[in-house]
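Since the structure comes first, as structure tokens, the remarks are kept for the end.
What follows draws every value from the coordinates through simple rules; no lab data is involved. From a predicted model like this one, the values you see are computed outputs, not experimental measurements. Don't worry about glycine lacking a Cβ; one is built from the backbone with ideal geometry, like all the others, and counts go over all protein chains shown.
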């Protein structure tokens, strides 16, 4: 059965992926906390042991991806500003189309951290990767989309003003914009991942209904598989994309299936609280 094949892939996914996706779907996109025992109950059926889940939550808290509050003997987790931005970006990549006019400006981010600030450096690098920024050099990244508001929120909340500089403006160079863009991102490889996603998930549009637990699992799987391409996708304007670009069709399919399975997934999630 198609759903069984999809669910079988969840056991090889990183536990941290589930944590981010759970906050997006079941905690108001990271605005609400989730309890440690909830994560254990949610992920064990998909091959993630209680020990692995607890270790992942500990590591993410240590690395400032999550914050912890305790009520009695139960730990409750919230996303930090860095992680909340990643949750929002992931959601937008599924539900917000990229077919908007482009003014030709680029967002440039430059950061500098000492060895004592390794955690902040790694979190910023990870955040920029999720947003789709391309590295230009050591501590310098570029992207055509205007992410200034999201970056400012993360920088301000973490008290990193002065360590990270964000610029927005035009690029003054003789290289054609499409040639420059194609030198930064491997669009052919990204398109191949979009095609694989479509081939894998399109049959579900005509598949029989799933159980609540299977819908809960399939929602995770389709998000992981879609974002495997979308996180690399810089969302370039149309004239810079290949003629056979499949990003829009993959996004439509991901959003349709997400909406199809979300009510059942939320029902299953609520039963675990």
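Of 191, 117, 165, the residue with the greatest mean-square motion in the GNM of the chain, using alpha carbon springs below 10 Å, is 117. In the chain, the DSSP-assigned H stretches of four residues or longer account for a calculated mean residue ellipticity at 222 nm of -17000 deg cm²/dmol, using -39500 (n - 2.57) per stretch and the full residue count as denominator. Taking the chain as a Gaussian network of alpha-carbon nodes connected by springs under 10 Å, the highest mean-square fluctuation of the residues 153, 22, 206 belongs to 206. Rounded, prolate or oblate: which fits segment 83-181 when a ≥ b ≥ c are the square roots of the eigenvalues of the alpha-carbon gyration tensor, with rounded for a/c under 1.5 and prolate only if a/b beats b/c? Judged from the Cα gyration tensor, segment 83-181 comes out oblate (a/c at least 1.5, b/c at or above a/b). For segment 156-273, the gyration tensor built on C-alpha atoms gives an oblate shape. Its axis ratio a/c (a ≥ b ≥ c) is at least 1.5, and a/b is not larger than b/c.
Based on Cα contacts under 8 Å between residues 6+ apart, the chain shows a relative contact order of 23 percent.
Test of understanding: in a Gaussian network model of the chain with alpha carbons linked when under 10 Å, which of 104, 72, 139 would top the mean-square fluctuation ranking? Judging by the Gaussian network model, the answer is 72.
If we count other beta carbons within 10 Å of each Cβ, what is the order of 113, 273, 133, fewest first?
On the way: 113 18, 273 11, 133 23.
With the fewest neighbours first, 113, 273, 133 line up as 273, 113, 133.
The distance from the alpha carbon centre of segment 1-41 to that of segment 52-131 is 16 Å, rounded to a whole number.
With r as the distance between the Cβ atoms of residue 44 and residue 156 and R0 = 41 Å, compute the FRET efficiency 1/(1 + (r/R0)^6) and round to 0.05. Kindly include the intermediate steps, with their values, before the conclusion.
Numbers: r = 38 Å, r/R0 = 0.92.
In this case the efficiency is close to 0.60.
Cβ crowding within 10 Å ranks 182, 141 as 182, 141, fewest other Cβ atoms first. Remark: the Cα gyration tensor places segment 7-80 in the prolate category, a/c being 1.5 or greater and a/b exceeding b/c. Would you indicate which of [x] 21.5; [y] 18.8; [z] 19.9 is the value of Kirkwood radius over Cα pairs in Å derived from the coordinates of this structure? Recomputing Kirkwood radius over Cα pairs in Å here gives the entry labelled [z].
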